[in-house]
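Enquirer: Okay, handing you the structure first.
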Amino acid sequence: MTVDDAIHRPAGSSGFRETRPDGVDIYHQRLADGTYGFYVAQPDGSQIYHRRRDDGSYVRWRILSDGTSEGPLATEPVEPLAGMADAGAEPPIPDSRWRRRGLVVLAACALGLLGFGAAAALASLRGGEAAAVEADARLADIAANPTEAWTFDPTFGDTSGYASAPVITGAGDGVVLVASAFDHARFEADHVTEPFWNPAVEWSEDYDAQYDEGYAAGLALVEDLESWLGSGLTDEADSPSFDDYWPGSGSFLSADPTVDGGRIDGFNDAWNGAGYGAHRLVEPVGAGFSPSLRMVDAASGDTVWETDLSVVVDDARADIVGYDVGADAPVATVITVTDGDGRVSSTLVSLARGTGEVLESVVLPGGELSVAVGEGLAFVAAGASGDDSAVQAYDLADLGFGPIWEARVDGAATLVVHPTFLDVRTDGLAGLDLETGEPVGFSARLAEATHVLEVSGAVLAGAYQESGAGSFMRIGPDGEDLWDAPLEAYYVGLRDGYLVVADAGDDRLGENRRLIDLDTGTPLWGDEVDADHGWAMAVEDGFVYAYDGERLAKVALESGEAVASIPLEAVDVLAAESMLYAVSEGSVVAIDLADLAERWTYEYDASRYSVGTFGDRLALVGLGEIIVLGEGAGVAA
């Protein structure tokens, strides 16, 4: 997905940006009439816009890069981590889409699906969306009744009015990375006037005085020319001449914009009837903003460290994405700057995980890039909008060495890191060895696929047909089939190391939901067992906890038998260490995995907040603030 420098908001709307744990950017938006929708950036540079209907379902359009739209689309939506409830199904407003140019960010490995509904997790391979990631991560338990533990200010106290929603990335170990963000477009709209009459004119100390002089001279020319025309004189030799009124040096037509820039703009505004100040440049104002990256403790809200990245890239227009690649590797960040002419430059930076100290940096190739980070390495596809791409790998512990390998691939490439190989997506798929960049043994097999995922060491490759049906096969090291027959499914996803699939159904949960034996590609429970228990929320101690929209069931992993179930109505169910959080409009109910008993109920203002996550913590997400919940004084069950 290609992304832009700023969030564009139509009048009266509001919104915020969110980065899902799989690396996909979402922009939530509430329009002036209260309707809610969200945008999901796509690998081809388009946006999929989702507008919420009165019944809670979504209607979707594809917004193309030129602002036109296609739709409504028939495919199922992917739900965001957090959102604002409300209704409406009007066609989208092209100007309200959110994109940030230049940087293509795809899934880092094994970040989990924190706060992401199970149904959405399992739908994440549909319709060309980003690849699913393994959802082993869980939220922290809140054993007692929750309260507001601390509040996170996404602007970090910025009072300029130009602080935008930061990019927040879960970093494991109870911490998150928060990359500062700045609304460059809004700032420049308030402080920078685009040149009009002559693009070479720039503001200078004497520009304002020159403009006034030029405007007065232009008015005098207009007035005298009107008098001459009104006099009935016809001899053009007697008509007012531009050069007679031009207050600058030399001829008006050959005026030097570096010497007479203000006079050029003033004279043209008057002569063309544009009005005083119509194209008058304003004094440039510095943004007073330094790009930075913070590590924040999700439990306490304390800043573990903060690093001013202006020591690397001193430009207020910088956009930052932070990555965590494990406790034994440095933190990585990519700083991208798009200048006024649309030129993109990016810098890869490594920071010490414990202190945030800048270790090394390297300037990446110019233009649009695809970047993926994992296994202590950073992978970059340069020329992502051209006919072919150069894929490079960098060791985050030694950026100064430069690329440790480079490979050429046909077509514009986007990248996804899997535990044992790099997924390179061009017109087809290819797999490269993480350490050498050489094609893996099954790479040729991926050329026939549209989707690939790796779970517990098993590699699955498959493709979706126009009908919506998908066909997946587990492949061996050399691309050979490891199952007797392909796995046919509409939804495919991962949960706690297990493959979960479903057929198409009347609702977003689908039908015939089942766990798959990775050794055989067949349902884990066999055909004789009713496996329609809903989506797997967690797999623990020999049991699967599944939710079908009406009941929560505790299902024996070996037999598929539902040993216990309770009625449950929720719009989302989030998995924690030993409990589930059932989220409804205005309340959260904690359910113990051991006996499915309700432990506590927490009520919140649904008109101001939605339930989401901050790192491994349950949180309330509102416009301009995130409230992290901890143990306290909720309402006992």
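The values are calculated or read from the model by the stated rules, or taken from the named source; none is laboratory data. Because the structure is a prediction, the values reported are computed rather than measured. Here the Cβ is made from the backbone with ideal geometry for all residues, glycine too, and neighbour counts use every protein chain on show. SASA here: full protein model, heavy atoms, side chains in, ligands and nucleic acids out. Shrake-Rupley method; radii C 1.70, N 1.55, O 1.52, S 1.80 Å.
Enquirer: Quickly work out the Ser471-to-Glu558 label distance, labels modelled 7 Å from Cα along the C-beta direction, and quote it in nm with one decimal.
Expert: 3.6
Enquirer: On to the next question. Search the structure for amide H atoms under 5 Å from the amide H of Val175, placed 1.01 Å from N in the peptide plane, and list their residues when 5 or more places away or on another chain.
Expert: Ala298
Enquirer: Further question on the same structure: Note the full-extension length gain between Ile404 and Ser251 as 0.36 nm times their separation in residues minus their Cα-Cα distance, in nm to one decimal.
Expert: Gain in length upon complete extension: 49.2 nm.
Enquirer: Expressed in nm to one decimal, what extension gain is obtained for the pair Arg186 and Leu359 from 0.36 nm per residue of sequence separation less their Cα-Cα distance? Intermediate values should be presented prior to the final figure.
Expert: On the way: separation 173, 0.36 × 173 = 62.28 nm, distance 3.32 nm.
Between Arg186 and Leu359, full extension yields an extra 59.0 nm.
Enquirer: What is the P(r) of segment 275-329, as percent of Cα-Cα pairs per 5 Å bin from 0?
Expert: Result, from short to long distances: 4, 13, 16, 16, 14, 10, 7, 5, 5, 4, 3, 1, 0 percent.
Enquirer: Which residues' amide hydrogens lie under 5 Å from the amide hydrogen of Glu540, considering only partners 5 or more residues apart or on another chain, with H built in the peptide plane?
Expert: The list, which skips near neighbours in sequence, is Tyr545.
Enquirer: Provide the gained length on full extension for the span Ser456 to Trp305, in nm with one decimal, where the gain is 0.36 nm per separating residue minus the Cα-Cα distance. Please list the in-between numbers first.
Expert: Working: separation 151, 0.36 × 151 = 54.36 nm, distance 3.39 nm.
Here the answer is 51.0 nm.
Enquirer: I would also like to ask the following. With θ set to phi - 60°, apply the Karplus curve 6.51 cos²θ - 1.76 cosθ + 1.60 along segment 452-459 and write out the HN-Hα couplings as whole Hz, x wherever there is a Gly or Pro.
Expert: 9, 8, 10, 9, 6, x, 8, 9
Enquirer: Taking only protein heavy atoms and a 1.4 Å probe, what accessible area per residue, in Å², does segment 204-339 have with all protein chains in place?
Expert: 47
Enquirer: Further, regarding this structure: Sequence-distant or interchain residues sharing an amide H contact under 5 Å with Ile404, placed H: which?
Expert: Ala393, Tyr394, Asp395
Enquirer: Keeping all protein chains in the complex and leaving out DNA, RNA and ligands, what accessible area do you get for Ser160 with a 1.4 Å probe, in Å² to the nearest 10?
Expert: Estimated to the nearest 10 Å², Ser160 gives 50 Å².
Enquirer: Mind ranking Glu205, Glu375, Glu188 by accessible surface for me, highest first, 1.4 Å probe?
Expert: The residues order as Glu205, Glu375, Glu188, largest area first.
Enquirer: Further question: Are there GluC sites (Glu not before Pro) in segment 576-637 that DSSP marks as loop and that have at most 14 other Cβ atoms within 10 Å, and which are they? Before the final figure, lay out each step's value.
Expert: On the way: sites: Glu577, Glu585, Glu598, Glu603, Glu625, Glu631; in loops: Glu577, Glu585.
Sparse-neighbourhood loop GluC sites (Glu not before Pro): Glu577, Glu585.
Enquirer: For Asp592, Asp173, what's the largest-to-smallest order of accessible area, 1.4 Å probe?
Expert: Descending order: Asp173, Asp592.
Enquirer: Let me spell out the model: positive unit charges on the Cβ of Lys and Arg, negative unit charges on the Cβ of Asp and Glu, origin at the Cα centre of segment 198-272. What dipole size does that give, in debye rounded to 20?
Expert: 120
Enquirer: Okay, next question. Taking each pair of distinct Cα atoms in segment 358-502 once, what is the resulting Kirkwood hydrodynamic radius in Å?
Expert: It is 16.2 Å.
Enquirer: What are the ³J(HN,Hα) couplings of segment 363-373, residue after residue, when phi is run through the Karplus curve with 6.51, -1.76, 1.60 and θ = phi - 60°? Round to Hz, x for glycine and proline.
Expert: In residue order, the calculated couplings are 6, 8, x, x, x, 5, 10, 10, 10, 9, 10 Hz.
Enquirer: Another question, if that's okay. Using a 1.4 angstrom probe on the protein heavy atoms only, could you order Phe196, Phe156, Phe421 from most to least accessible area?
Expert: Values: Phe196 120, Phe156 75, Phe421 0 Å².
Sorted by accessible area, descending: Phe196, Phe156, Phe421.
Enquirer: Let me ask something else. Please turn the phi angles of segment 482-499 into ³J(HN,Hα) values with the Karplus equation 6.51 cos²θ - 1.76 cosθ + 1.60 (θ = phi - 60°), one per residue in order, whole Hz, x for glycine and proline.
Expert: Coupling constants for segment 482-499: 10, 10, 5, 8, x, 8, 9, 7, 9, 10, 9, x, 10, 8, 6, x, 10, 8 Hz.
Enquirer: Rounded to the nearest 10 Å², what accessible area does Tyr49 show when all protein chains are kept and the probe is 1.4 Å?
Expert: Using a 1.4 Å probe on the heavy atoms, I get roughly 0 Å².
Enquirer: A further question on this structure: Suppose every K and R has +1 on its Cβ and every D and E has -1 on its Cβ; what is the size of the dipole of segment 367-449 about the Cα centre, in Debye to the nearest 20?
Expert: 120
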